[in-house]
Amino acid sequence: AATAQTTATFPILVDSLVSRFGDATALVFRDESISFWDLTDRSMRLSQSLRDLGIRRGDVAAIWFRNDPNWPVAFLACARVGANAIALNTRFRQAELNDVFEGSPESPNGSKVQRGALRTLAKELLDE
């Protein structure tokens, strides 16, 4: 017998884990623990900030964080919007960042990775 196939996105998967595990620990980094609920809440708030910046499905969004809990929050926020997340090396200097921004491909709706959007994304996460 054939089985029904469903398509689950990354945000749908995480949201289903929230309904099952809620306040249980999802991420641990050094002395910080983030619950499934907090991961979802932070990513939903950040995804709204991305939308407010004009980031839309198919756009390219740069994530420039060290390996800490902000990274998966930002990645999940991009997935919620439908943006294509690219990871930037935190050791990049100005010249390398310029190459990324100037050489970035246009998204289907004509936007490019923008410095302002990157700064605002960083500010949103770090000001919590």
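Every read-out reported here was derived from the displayed coordinates using simple, explicitly stated rules and does not represent laboratory data. Computed from a predicted model, the values in this text were never measured in an experiment. Neighbour counts are summed over all protein chains in view; Cβ atoms, including those assigned to glycine, are modelled from backbone coordinates with ideal geometry.
Around the amide H of Ala83, modelled in the peptide plane, lie the amide H atoms of Gly58, all under 5 Å away and 5 or more residues distant in sequence or on another chain. Sparsely packed loop sites in the stretch 24-104 (the trypsin sites (Lys or Arg not before Pro) outside DSSP H, G, I, E and B with at most 12 other Cβ atoms within 10 Å) comprise Arg30, Arg57, Arg66, Arg91, Arg93.
Rounded to the nearest 0.05, the FRET efficiency derived from the C-beta distance between Asn89 and Phe29 at R0 = 22 Å is 0.70. Normalising the Debye intensity of the stretch 37-90 to I(0), with uniform scatterers on Cα atoms only, and taking log10 at q = 0.19 Å⁻¹ returns -0.56. Is the stretch 1-95 best put as rounded, prolate or oblate by its Cα gyration tensor, with a ≥ b ≥ c the root eigenvalues, rounded for a/c under 1.5, and otherwise prolate when a/b is larger than b/c, oblate when not? Because a/c hits 1.5 or more and a/b fails to exceed b/c, the stretch 1-95 counts as oblate.
Per-residue Karplus couplings for the stretch 21-27, computed as 6.51 cos²θ - 1.76 cosθ + 1.60 with θ equal to phi - 60°, are listed in order as 10, x, 7, 5, 6, 9, 9 Hz, Gly and Pro entered as x.
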